[in-house]
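S.K.: Sharing a structure below in structure tokens format, with a few things to ask.
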There are 2 protein chains.
Amino acid sequence: MRPKNLEKEEAIRNIALQIIAEEGLENLSMQKLAKAANVSPRTIYIKYENKEDFLITLFIEDVLGAYEKAVLENFNPEADFAQGVKKIWLNTFRYLKENRNSFALLQYGKSSPLLNKAFQRENIKQGHFFAPIHHFLRLNVSKDIIRDFPHDVHRAMLFSPLLDLVNEYFDYKERPEQIITEQIILECCEAVIKGMLK
Amino acid sequence: MRPKNLEKEEAIRNIALQIIAEEGLENLSMQKLAKAANVSPRTIYIKYENKEDFLITLFIEDVLGAYEKAVLENFNPEADFAQGVKKIWLNTFRYLKENRNSFALLQYGKSSPLLNKAFQRENIKQGHFFAPIHHFLRLNVSKDIIRDFPHDVHRAMLFSPLLDLVNEYFDYKERPEQIITEQIILECCEAVIKGMLK
DNA sequence: CTTGTAAGTAAACGTTTATTTACTTACGTT
DNA sequence: AACGTAAGTAAATAAACGTTTACTTACAAG
């Protein structure tokens with residue numbers, strides 16, 4: 001039996017992310033993707049049932065999976081609140097900065113109904129993404145260090161300004177001013193921490 | 001000369017927003033839109049040059065314009081900082097809650113390169129969106145009430161958690177728990193204010 | 001070293017896409 | 001009341017779409 005060419009699989013996924021980042025999800029077609037990856041359209045359909053299946057797998061397994069892993073690297077849920085949040089912010093910023101293409105599809109997770117629903121299904125089906133962060137937050141609530149909010153509200157407070165800043169980082173990336181630096185990220189992080197504390 | 005049928009123009013825009021909200025921007029086609037609006041495809045091209053022109057106009061003029069107007073209603077840039085921010089948050093939440101379809105396209109503004117670039121061009125070309133909020137923030141910086149950040153960073157801190165909460169409001173809308181209430185919004189708003197203060 | 005089998009390809013499938021052509025309709029102006 | 005003109009339509013355009021068919025290739029097992 002002829003074995004799979006894993007390089008081709010990876011090329012397909014990477015080029016898909018690149019097209020999405022440069023032209024948008026609405027301009028990604030299977031034919032364009034196949035041509036850009038130097039592959040027959042049929043090759044994509046060996047692994048994926050159809051376009052939706054491909055996009056959902058790319059989003060959940062490739063993008064969200066790697067993103068979660070990077071964010072949680074060396075993160076200790078038992079650590080001091082400020083320490084923990086700073087670790088999360090730096091991990092996130094450093095990872096996304098170097099992975100613009102993944103970030104682009106990540107952003108579509110909030111707008112595209114297909115991806116948004118897939119995320120919710122996945123979150124319910126096999127436990128929560130970012131479970132250690134959930135644990136970290138509950139721990140700090142029970143220690144009376146931060147205010148008690150529903151978990152999704154905590155997540156909005158913790159992640160959304162950061163993701164917005166990453167977006168702005170890329171908007172400004174090729175301009176001389178370069179507004180979003182690691183220092184700004186850390187200062188903004190401190191403000192968010194201060195707001196969450198009791 | 002036969003006059004324009006303004007009802008038809010409005011129907012086209014409203015149904016476009018509805019399709020985008022329900023099926024995603026990537027599933028909006030001019031033919032589907034024309035059929036759903038009970039109009040010939042050619043009719044759409046009377047007002048708009050092509051699909052991109054249509055989407056950008058819909059996004060900038062229809063969605064962002066109305067959103068800005070709703071957010072700034074009765075907002076006084078000279079008001080007390082906490083008061084001002086609360087007014088913005090309540091205006092935003094109450095407006096978006098009732099305008100899910102506009103909100104859907106608004107969300108695509110961060111992910112779709114077409115809309116993202118259009119927004120940046122527009123922001124540079126004819127002064128900033130939300131200029132009164134810019135003024136409000138600079139005023140509070142100069143009064144030494146809040147920390148000094150680049151304006152885009154301030155905007156990220158101020159708006160992005162709120163928009164995330166609106167997203168969650170719709171995710172939970174048809175479930176019994178109904179997590180995102182006006183009370184939660186206000187509590188979260190207080191946390192954001194606290195974080196921004198000096 | 002043949003052979004079974006899944007990986008992979010090129011070309012094609014019918015459908016849908018964005019946009020246009022050729023035509024009709026409705027109405028303010030003369 | 002006829003006319004000019006822009007609004008509006010139905011049908012058609014070529015190109016691109018997602019997906020499949022029919023075929024070839026490469027390799028592990030016998």
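The values are calculated or read from the model by the stated rules, or taken from the named source; none is laboratory data. Here the structure is a predicted model, which means the values were calculated and not measured. Here the Cβ positions follow ideal geometry from the backbone for every residue, glycine too, while neighbour counts run over all protein chains shown.
S.K.: Got at least one residue in the range B:8-28 being near DNA strand D (Cβ under 9 Å from one of its atoms), within 14 Å of chain A (Cβ to nearest Cβ) and surrounded by 12 or more Cβ atoms within 10 Å (Cβ to Cβ)?
M.R.: Checked against the condition, which is being near DNA strand D (Cβ under 9 Å from one of its atoms), within 14 Å of chain A (Cβ to nearest Cβ) and surrounded by 12 or more Cβ atoms within 10 Å (Cβ to Cβ), the range B:8-28 yields at least one hit.
S.K.: Does A:ARG100 satisfy the criteria of being of a type in the set (D, E, K, R), at the interface with chain B (Cβ under 9 Å from one of its Cβ atoms) and surrounded by 16 or more Cβ atoms within 10 Å (Cβ to Cβ)?
M.R.: No.
S.K.: While we're here: Go through the range B:139-154 and count every residue that is more than 8 Å from chain A (Cβ to nearest Cβ) and within 22 Å of the chain's Cα centre (by Cα).
M.R.: Filtering the range B:139-154 down to residues more than 8 Å from chain A (Cβ to nearest Cβ) leaves B:139-146, B:148, B:151, B:154.
Cutting the leftovers down to within 22 Å of the chain's Cα centre (by Cα) gives us B:151, B:154.
Adding up the residues that qualify gives 2.
So that you can scan it fast, the table gives a plain yes or no per residue for (1) at the interface with another protein chain (Cβ under 8 Å from one of its Cβ atoms); (2) loosely packed, with under 13 Cβ neighbours inside 10 Å; (3) modelled with pLDDT of 95 or more:
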| position | (1), (2), (3) |
| --- | --- |
| B:LEU137 | no, no, yes |
| B:PHE170 | no, no, yes |
| B:ILE179 | yes, no, no |
| B:ILE184 | yes, no, yes |
| B:LYS194 | yes, no, yes |
| B:LYS198 | no, yes, no |
